[in-house]
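These notes concern the structure reproduced below.
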Amino acid sequence: KELNFNLETTSTPLITKNEIIFGTGDKGLVALDKESLILKWNIQTRPSKIYTVPYTTTPLASVETSPVLVNDVLYFTASDGYLYIADPSSGIIHQEINLGAPIFSTPAVSGNSLIVSDFGGNVYAFTSK
């Protein structure tokens with residue numbers, strides 16, 4: 001499949017066993033097959049709540065943060081204000097959590113906690129059992 005995305009993003013790619021996963025400037029999160037570099041899946045996020053340079057036209061679904069992988073679960077945040085939890089192989093979303101404000105920071109992992117901070121100055125901690 002041809003890549004037709006704005007790849008001007010600040011997202012650092014996540015390299016898994018079979019995928020290269022990264023945010024785009026206008027189509028959410030994408031995964032390329034690690035060997036062929038063919039588009040494997042795309043998670044389209046909602047329109048951005050705030051537009052940052054160079055993303056100044058609507059509707060853009062930018063993911064400017066880097067995805068993280070914990071116990072074979074993919075976590076990423078977007079400028080639409082959501083924390084996404086997905087399968088890294090298929091791109092199937094397991095859960096979407098609306099935090100309300102754009103998120104421009106990569107989730108942090110500490111032990112069994114996932115920490116997310118948003119543009120509104122809020123800090124969230126999600127803990128697994």
Accessible surface of region 9-110, 1.4 Å probe, proportion on carbon and sulfur as whole %: 53 percent
Magnitude of the charge dipole, the chain, Cβ model with Lys/Arg +1 and Asp/Glu -1, debye to 20: 140 debye
Full-stretch length increase - residue 108, residue 42 - with 0.36 nm per residue and alpha-carbon distance subtracted: 21.5 nm
Of 29, 69, 37, the one that fluctuates the most in a GNM where the chain has Cα springs shorter than 10 Å: 37
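The values are calculated or read from the model by the stated rules, or taken from the named source; none is laboratory data. Treat the numbers as computed from the prediction; the structure is a model and nothing was measured. Ideal geometry is used to build each Cβ from the backbone, glycine not excepted, and the neighbour counts take in all protein chains shown. Ligands, DNA and RNA are stripped out before the accessible areas are found, and what is left, the full protein with its side chains, is counted by its heavy atoms. Shrake-Rupley method; radii C 1.70, N 1.55, O 1.52, S 1.80 Å.
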